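Presented below is the structure to which this report refers.
Every number in this text was worked out from the coordinates using simple rules, so none of it is lab data. Worth saying up front: this structure is predicted, and the values here are computed from it rather than measured. Because the Cβ atoms are built from the backbone with ideal geometry, glycine has one as well, and the counts that use them run over all protein chains shown.
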């Protein structure tokens, strides 16, 4: 199937023609820190999807363990442990080149998710384990 160029959305104006403005409650729930509700959701989550980007591609990688494996260090810092897997290191390679990260926390049975966007560093500090 061919995608006809005349139907490709090229900019935000084109999106605005297709969608109404975001709901006010969706805009208001965006925060610049972790509150008690977000801390509780992270503590209950056995899985987080980690989104990163290289020069040529985007990558999403699942990370999981027992609920609470991601630790909240402070209102703006999360600690995600490394769990050895296939050793492709796509996520870690991407982060050392581009610190932008998107996290999507999931809790089985919950009808909501929790997103965190920011910047990350890869640390080998043993005090963080």
For a protection proxy built on the mean count of beta-carbon atoms within 10 angstrom, sort 28-40, 85-97 highest first, please. 85-97, 28-40
Find how many whole Å separate the alpha carbon centroid of region 18-83 from the alpha carbon centroid of region 99-118. 4 Å
Computed lengthening from residue 30 to residue 7, 0.36 nm per intervening residue step minus Cα-Cα distance: 5.1 nm
Given a cut-off of under 8 Å on Cα pairs at least six residues apart, what relative contact order in percent is computed for the chain? 23 percent
Put a dot 7 Å past each Cα toward the Cβ at residue 55 and residue 40; how far apart are the dots in nm? 4.6 nm
Distance histogram for region 32-128 (every C-alpha pair counted, 10 angstrom bins, percent rounded to whole numbers): 15, 50, 31, 4
7 Å from Cα along Cα→Cβ at both residue 124 and residue 75: what's the point-to-point distance in nm? 3.4 nm
Suppose R0 equals 25 Å. What FRET efficiency, 1/(1 + (r/R0)^6) with r the Cβ-Cβ distance, do residue 90 and residue 47 give to the nearest 0.05? 0.90
